[in-house]
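Comments concern the structure below.
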Amino acid sequence: MKRTILLLSLAATSLCASAGTIYKCKNASGEMLYQEKPCEKEVQAVSSWASASPVETDADSPAAEGKPLVIGQGRGGHYFIDGAVNDSYLNFVVDTGATLVALPLSAATAAGLTCQGRGTMKTGNGDAQVCTTTIQKLRFGHFTLRYVQAVVMPNLSQPLLGMNVLKQFRVEQDNGEMRLSKKF
């Protein structure tokens, strides 16, 4: 799972901000920066990301009644959850070490996602070339999120449900189960 660990030193704190816009900029040496203020004139602004929308639940689902989504521990001690990106089925690894939702190129293509910007990310396996994108509709369990920021990684084999989604939930783990509850 070395490839699945995304480590973004500056993005980890900036992207977890609860409100506002995060600007993705390149500094003078070409490194990506994530910040709450607009990019300086001397560097190139790559894109701006707005906060994620509130979590939606299906009206008839247990989650709508405040009950948690329970996920059993899978192979290797990891947690896997079925979901969909723009109605294209995927099986995600719940990855608290991933700053953002990350998708293999094949999954992004199947979901009709397009590249909005390019960059390099630090991963457990070194630098990786990525493409930034926005998922219009992300579903898993009884939850739906809209306009979720993600990265597409050509060498990734398993979709990752990262912290930009998980931070919107209360996450509990005990006795081989993970529970995701909507924050109120």
If the chain between R170 and K137 were fully stretched, how many nm would it gain, using 0.36 nm times the residue separation less the Cα-Cα distance? 9.8 nm
Calculated FRET efficiency, E177 and N155, Cβ-Cβ r, R0 22 Å, to nearest 0.05? 0.10
Tell me, what does the Kirkwood hydrodynamic radius of region 99-153 come to in angstroms if you use every pair of distinct C-alpha atoms? 11.8 Å
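Give me the Å³ per residue figure for the convex hull around the C-alpha atoms of region 63-184. Mind dumping the intermediate values first?
Working: hull volume 12.5 nm³, N = 122.
For region 63-184, the hull spanned by Cα atoms encloses 102 Å³ per residue.
Taking the Cβ of M178 as the centre, find all other residues whose Cβ is under 12 Å away and add up their charges (Lys, Arg: +1; Asp, Glu: -1). Please list the in-between numbers first.
Details: positive: R170, R179; negative: D95, E172, D174, E177.
For residues surrounding M178, the net value is -2.
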Starting from the 7 Å offset along Cα-to-Cβ, what nm value, one decimal, do you get for the label separation of S106 and T120? 2.8 nm
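Quick one: compute the contact order of region 52-182, relative version, from alpha carbon pairs under 8 angstrom and 6+ residues apart, as a percent. Let's see the in-between values first.
Values: 297 pairs, mean separation 45.4, N = 131.
Relative contact order here is 35 percent.
FYI, it's all coordinate maths here, none of it is from the lab. Note that the coordinates shown come from a computational prediction; the quantities given were computed from them, not determined experimentally. When we count neighbours, we look across all protein chains shown, and the Cβ atoms used for this are built from the backbone with ideal geometry, even at glycine.
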